[in-house]
1. What do you reckon, is residue 76 surrounded by 13 or more Cβ atoms within 10 Å (Cβ to Cβ), without any contact (Cβ under 8 Å) to a residue 12 or more places away in the chain, assigned by TED's automatic domain parsing to the domain that holds residue 40 and in a helix (DSSP H, G or I)?
2. If you check 130, 81, which single one turns out to be modelled with pLDDT of 85 or more, within 30 Å of residue 18 (Cα to Cα) and surrounded by 13 or more Cβ atoms within 10 Å (Cβ to Cβ)?
3. Can you tell me which of (1) over 29 Å from residue 12 (Cβ atoms); (2) over 22 Å from the mean Cα position of the chain (by Cα); (3) free of Cβ contacts under 8 Å to residues at least 12 places away in the same chain is the one residue 97 doesn't meet?
4. Hey, could you check the range 103-127 for residues that are assigned to a helix (DSSP H, G or I) and surrounded by 13 or more Cβ atoms within 10 Å (Cβ to Cβ) and say which is modelled with the lowest pLDDT?
5. Quick one: is residue 66 in the same structural domain as residue 35 (by TED's automatic domain parsing), closer than 30 Å to residue 34 by Cα and within 18 Å of the chain's Cα centre (by Cα)?
6. Inspect the range 41-63 for any residue being surrounded by 16 or more Cβ atoms within 10 Å (Cβ to Cβ), part of a loop (DSSP other than H, G, I, E, B), within 19 Å of the chain's Cα centre (by Cα) and modelled with pLDDT under 85 and give the result as yes or no.
């Protein structure tokens, strides 16, 4: 299995507010009317529609009542949006320390390449997130802490 590559640009990810805007246009409803129906301000609705605010549980419930679209739809839309943003930004979370650690893992990386788990020309922005998932850590620097505490064994020479 090769490393996951999304390649999705944050500019192409659709905020749930765009769906609200589409529904309002489809129904001929203004932001002011939606604000009145949901008990929030017009400024809040504008911020959600413009991607400046997210959809909370309470607001999802209010949208369900006002628009007849289930709260689970809105909550899932928000959760998926946030997950896509995280995926798109994953490469920006790589630290210098992780790059150094990955360089020191050349034997393991060679083995993963030989098995077809990693592409031969995989860049650090894709390789390090894959290694994080492979070794079940959110930062490669934590591998040392796991070894220190005996949660994983030292590699054999």
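1. yes
2. Numbers: 130 fails: within 30 Å of residue 18 (Cα to Cα).
Going through 130, 81 in turn, just one is modelled with pLDDT of 85 or more, within 30 Å of residue 18 (Cα to Cα) and surrounded by 13 or more Cβ atoms within 10 Å (Cβ to Cβ): 81.
3. (3)
4. Keep residues of the range 103-127 that are assigned to a helix (DSSP H, G or I), which gives 103, 106-114, 124-127.
Imposing the further condition that a residue be surrounded by 13 or more Cβ atoms within 10 Å (Cβ to Cβ) reduces the set to 108-109, 112-113, 124-127.
Working: 108: 82, 109: 84, 112: 84, 113: 84, 124: 65, 125: 73, 126: 80, 127: 87.
So the residue we want is 124.
5. Judged against the criteria, residue 66 is not a match.
6. Checking the range 41-63: not a single residue is surrounded by 16 or more Cβ atoms within 10 Å (Cβ to Cβ), part of a loop (DSSP other than H, G, I, E, B), within 19 Å of the chain's Cα centre (by Cα) and modelled with pLDDT under 85.
The values are calculated or read from the model by the stated rules, or taken from the named source; none is laboratory data. Bear in mind the structure is a predicted one, so any value in this text is a computation, not a measurement. Positions of Cβ are generated from backbone atoms using ideal geometry, with glycine treated the same way; all protein chains shown enter the neighbour counts.
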